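What follows is a single structure, written as structure tokens, with notes after it.
The values are calculated or read from the model by the stated rules, or taken from the named source; none is laboratory data. As the structure is a computational prediction, the values presented were derived from the model and not from experiment. Every residue, glycine among them, receives a Cβ derived from its backbone with ideal geometry; neighbour counts consider all protein chains shown.
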Amino acid sequence: MILYINACVRKESRTKRLADFLLSKLDEPYTEVRLADIDFPVTDEAYLAKRDQLIAAEEFSNPMFSLANQFASADSIVIAAPYWDLSFPAALKQYFEHINALGVTFTYTPEGFPKGLCQAKILYYVTSAGGDYVPTEFGFGYVKALAQDYYGISDVRLIRAAGLDLDGADQEQIMQDAFQSISDHLEGRPKSYTPQYDPDNRCWKVDFTDRVSEEGDLLYVVSEFARSGLYFPYNDSSSRDKDYAGHAHHFEEVLRALLEDPEGFSIRGLEEYYSLQEQELLAAVQNRLKGMSSGND
């Protein structure tokens, strides 16, 4: 069974058109969850306390976990979410907060790393944007990290149409091109199977025979091409009292974590994941930041 999570808002949603076309090509029964129809409870302290109590008692049949159980049991997943404010509509974030249930969609290994409990092997993320600035590391990147790192869904595919509202844009042609791209990939028609720069969309792109193309910055696309993404674990103030480290897939994200928390940041015991040059840079930046905060710089 396909689980179709519809985060679209407008009646004439272009994202929904893409998702409907994809579903027609997949040609399998699906269950739709329309997020606009769900009155999500406020995730306040009382809600979290009740959820933690139910999780501790392993009462996963409680209605509070109905969305999580549905997600965990799906064979494949389609998420339709327009590109809003570098991300997606808030209702989709509320949905993730409700399905992120320990013991239902994920658990933790003895070492403290998340391990997926979901049945799905593939997730399609469908989006559309009026502009051409659609960096994949935000909305899609967040969903992909959740799917792969928490839910155990390794195959996460991006389907999109962008530049729809630019001056002079042929909206219908852009949509038709996106439809054709879906058909090409699902029907296994060959394209470019090595990373190539796409000057029209100003990004890198690679096609696959077994899944939809991936596009984004060069590091992301090459990692997808090699099927071996980069992994940089680290500790900060939020993870130091826990049994597991935070992690990033880009070294730039590690630098950002250091800049945001120079006192709590540490890679002690995790040096094997970093080159000597990267370790030296992190140490130099951290020392500089600490010196400035103490007035000694």
#### Entry: Meets criteria (surrounded by 16 or more Cβ atoms within 10 Å (Cβ to Cβ), within 20 Å of Ala120 (Cβ to Cβ) and within 20 Å of the chain's Cα centre (by Cα)) for Leu35
yes
### Task
Have a look at Tyr95, Tyr125 and point out the one that is under 15 Å from the mean Cα position of the chain (by Cα) and farther than 25 Å from Gln173 by Cα.
Tyr95
### Task
For the range 139-180, enumerate the residues that are β-branched (Val, Ile, Thr) and touching a helix residue (DSSP H, G or I) at 6+ places or on another chain (Cβ under 7 Å).
Ile153, Val156, Ile159
### Query
Quick one: Lys205 ticks every box in (1) assigned by TED's automatic domain parsing to the domain that holds Asp27; (2) at pLDDT 80 or above bar one, so which box is it?
(1)
#### Entry: Meets criteria (over 17 Å from Glu97 (Cα atoms) and modelled with pLDDT under 95) for Pro29
yes
### Residues satisfying the stated conditions in the range 11-32, i.e. small (Gly, Ala, Ser) and surrounded by 15 or more Cβ atoms within 10 Å (Cβ to Cβ)
Ser13, Ala19
### Task
Please indicate, with yes or no, whether at least one residue in the range 28-40 is in the same structural domain as Ala178 (by TED's automatic domain parsing), assigned to a helix (DSSP H, G or I) and among the aliphatic types (A, V, I, L, M).
yes
### Query
So which of Phe88, Phe60 is touching a strand residue (DSSP E or B) at 6+ places or on another chain (Cβ under 8 Å) and among the aromatic types (Phe, Trp, Tyr)?
Phe88
### Task
State which residue is surrounded by the fewest Cβ atoms within 10 Å (Cβ to Cβ) when the search covers only the range 68-89 and only residues that are touching a residue at least 40 places away in the same chain (Cβ under 8 Å) and assigned to a loop (DSSP other than H, G, I, E, B).
Leu86
### Task
Pull up the range 167-198, narrow it to residues that are over 23 Å from the mean Cα position of the chain (by Cα) and acidic (Asp, Glu), then point me to the one that is modelled with the lowest pLDDT.
Glu187
### Task
Pairs only if they're at least six apart or on different chains, beta carbon under 6 angstrom, first in the range 255-273 and assigned by TED's automatic domain parsing to the domain that holds Leu289, second assigned to a loop (DSSP other than H, G, I, E, B) and at pLDDT below 90; list them, first residue then second.
Ala257/Asp236; Asp261/Asp236; Asp261/Ser237; Gly264/Asp236; Gly264/Ser237; Phe265/Asp236
### Candidates Leu92, Leu158, Leu123, Leu164 - the one that is within 21 Å of Ser13 (Cβ to Cβ), assigned to a loop (DSSP other than H, G, I, E, B) and modelled with pLDDT of 90 or more
Leu164
### Message
I'd like to check something: does the range 146-155 contain any residue that is at pLDDT below 90 and either assigned to a loop (DSSP other than H, G, I, E, B) or crowded, with 19+ Cβ neighbours inside 10 Å (or both)?
### Response
yes
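Rundown of residues vs (1) over 30 Å from Tyr197 (Cβ atoms); (2) modelled with pLDDT of 85 or more; (3) crowded, with 16+ Cβ neighbours inside 10 Å; (4) of a type in the set (Asp, Glu), yes/no style:
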position: Glu224; (1), (2), (3), (4): no, no, yes, yes
position: Tyr234; (1), (2), (3), (4): yes, yes, yes, no
position: Ser239; (1), (2), (3), (4): yes, no, yes, no
position: Lys242; (1), (2), (3), (4): yes, no, no, no
position: His249; (1), (2), (3), (4): no, no, yes, no
position: Arg268; (1), (2), (3), (4): yes, yes, no, no
